[in-house]
Amino acid sequence: MSMLRLAVVSVLVSSTAISFVFYKQLFGGALPFVAAIILLIIITDIFLANSLAKKIVEPIGKADLDGVLSAPYDELAPLVKTIETHRKQIAKQLDILRERNDTIHAIMENMSEGIIMLDKKGVVISANKSAAAFFELPANVNGKNILEVFRELEFSVLAQGAIDGHRAELGMKQGDKTFRVFFGPIAGVGAIILFMDVTEKSRSEMLRREFSANVSHELKTPLTTIYGNAEMLAGGMVNDEDKTSFYDKIKNEAERMIALTEDIILLSSLDEKSRAELSDNVDLAAIAAESIRALENKALKNSVSVKLVAEETEITANRTQMYELLLNLIDNAIKYNKPGGKVDVCIYRKKGRIRIKVSDTGIGIPKEDQGRVFERFYRVDRSRSKHTGGTGLGLAIVKHIVLAQGGSIGMKSKAGEGTEIKVVF
Ligand code: ADP
């Protein structure tokens, strides 16, 4: 604006100077008078130029750039139009950027994986909610160097590597959780670190490994016995009177293998389905009676009496699974009983829920083992379980079925006195 003012003044001054030279020649004697007039004209010119420039510039200075622009005089209309168009474009671009930013922010905050972004100096630019929760990060983590946040040497080396353009992966433990951490470069920004909670995955991998090792072991023992006995029989090394006991051993071990294989198949089919199919309308009393009938011989052999008391027992559940559940519980109550002992099976409804209670007067379970008997292949007395044809999978199957049906299971037991297992649906 001052440039405009200067230009007007300089035009007026130069035209006045030219006039001065011309008039000096023409009117020599009247020079002082003329000079005074010229001076007056110059002052008037300056004043006029000033007020003209002000008139031109003032409306521009006062223009409300945040509101709708209107041209104060026609000459400014094209300029105002251009400014207005640019302003609309900028506002539109800003809206798009804001929307994108909100979307990225919402995605980051709602991800179950933890994310931390670093700038080129390794300073945290942002950390999402999951990352903050996993590692209990302070609220002011943004602006801190990653080396202050994670002090493990390997972590900081890989973070720096990502800033330098190298991708990497790392396994990490935090409390009882296990994480897989991915480091990746972001061109022009720095690096991104992604934390995936793999606790459940690594736990089930460990269980699977343990399970495979146990299954191999459990199958190897009867197979070795079968092979040894068959070899002796085939080699003619067994007297005729001993042969029957060899055949019996082979038969018993083969039965154990069949039972084990059936339990493994049942467990893996339960593992595959996260929820049981609730297709049947099941009468638990009828199923309990059926299970007791199937175990009649065993109860007789062990001199154990079984009693069933059942009231309201209709439930929507998977029939086969309910049969497996009751069969396993009653089977255990007979197997781990004492001669002349008792088993009581009660099925009743209380507070709107169906309850199954199987209690026995058997050998009981020591306190220290009570929490573990539901684990696969866990047995309190390994030799007794094997002697009675146990696979070590019965209670694991029962627990799996109960959880799949949305129920709960509890146990009360005293070594030497008996056990009570209660299932609530
Ligand atoms: P198993 O096939 O060996 O019976 P389970 O999974 O059914 O396997 O049971 C695991 C272990 O829990 C058994 O080996 C046994 O030691 C103990 N157990 C289960 N039920 C009873 C019970 N009613 N009384 C005493 N011990 C029991």
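Under a Cβ-only charge scheme (Lys and Arg +1, Asp and Glu -1), can you give me the dipole magnitude of the chain about the Cα centre, in debye to the nearest 20?
Using Cβ point charges on Lys, Arg, Asp and Glu, the chain gives about 800 debye.
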Mind grabbing the accessible area of ARG372 for me, 1.4 Å probe, Å², rounded to tens? 110 Å²
In terms of the ratio Rg/(2.2 N^0.38 Å) built on C-alpha atoms, what value belongs to the range 275-425? 0.98
Rounded to whole Å, sorted largest first: equivalent-ellipsoid semi-axes of the range 199-272, Cα gyration tensor: 36, 12, 6
Keeping every protein chain in place, order ILE409, ILE356 by accessible area at 1.4 Å, biggest value first, i.e. largest first. ILE409, ILE356
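Let me check something: with ligands and nucleic acids excluded, how do SER385, SER70, SER126 order by accessible area (1.4 Å probe), largest to smallest?
Most to least solvent-accessible, the answer reads SER70, SER126, SER385.
Check each of the trypsin sites (Lys or Arg not before Pro) in the range 229-324 and keep only those in coil by DSSP with at most 15 other C-beta atoms within 10 angstrom; list them in order.
Details: sites: LYS243, LYS249, LYS251, ARG256, LYS273, ARG275, ARG293, LYS298, LYS301, LYS307, ARG319; in loops: LYS273, ARG275.
Filter output for the range 229-324: LYS273, ARG275.
Counting only protein chains, not ligands or nucleic acids, how are MET196, MET322 ordered by accessible area (probe 1.4 Å), most first? Mind dumping the intermediate values first?
Values: MET196 70, MET322 0 Å².
The residues order as MET196, MET322, largest area first.
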Which value, in Å² rounded to 10, gives the accessible area of HIS166 with a 1.4 Å probe and all protein chains present? 110 Å²
For MET411, tell me the accessible area in Å² from a 1.4 Å probe, rounded to the nearest 10. 40 Å²
Under 19 Å Cα to Cα from LYS273, which lysines show up? Leave out anything in the same chain fewer than 8 places away. LYS201, LYS399
By how many nm would the segment from LYS351 to GLU420 grow when fully extended, if each residue of separation counts as 0.36 nm and the alpha-carbon distance is taken off? 22.8 nm
Which one, GLN93, ILE83, VAL68, projects farthest toward the positive side of the charge dipole computed for the range 66-110 from Cβ point charges (K/R +1, D/E -1)? GLN93
Cβ charges +1 (Lys, Arg) and -1 (Asp, Glu), total dipole of the range 114-197, debye: 120 debye
Note on the range 114-197: alpha-carbon gyration tensor, axes a ≥ b ≥ c; rule is a/c under 1.5 for rounded, else prolate if a/b larger than b/c, else oblate; result oblate
Electrostatic dipole magnitude of the range 367-425 [Cβ: Lys, Arg +1; Asp, Glu -1; Cα centre; debye, to 20]: 100 debye
Starting from the exponent 0.38 and prefactor 2.2 Å, build the expected Rg for the chain from its residue count and divide its actual Cα Rg by it. 2.09
Alpha carbon centre of the range 362-425 versus the range 72-134: separation in Å? 60 Å
Take the range 170-295, drop everything but the C-alpha atoms, weight them equally and run the Debye formula without solvent; then report log10 I(q)/I(0) at 0.11, 0.17, 0.19, 0.20 Å⁻¹ to two decimals. -0.75, -1.04, -1.11, -1.15
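The values are calculated or read from the model by the stated rules, or taken from the named source; none is laboratory data. Source: prediction; values computed, not measured. For neighbour counting, all protein chains shown are included, and Cβ atoms are generated from backbone atoms with ideal geometry for every residue, glycine included. To get the accessible areas, we keep the full protein, side chains included, count just its heavy atoms, and leave off ligands, DNA and RNA. Shrake-Rupley method; radii C 1.70, N 1.55, O 1.52, S 1.80 Å.
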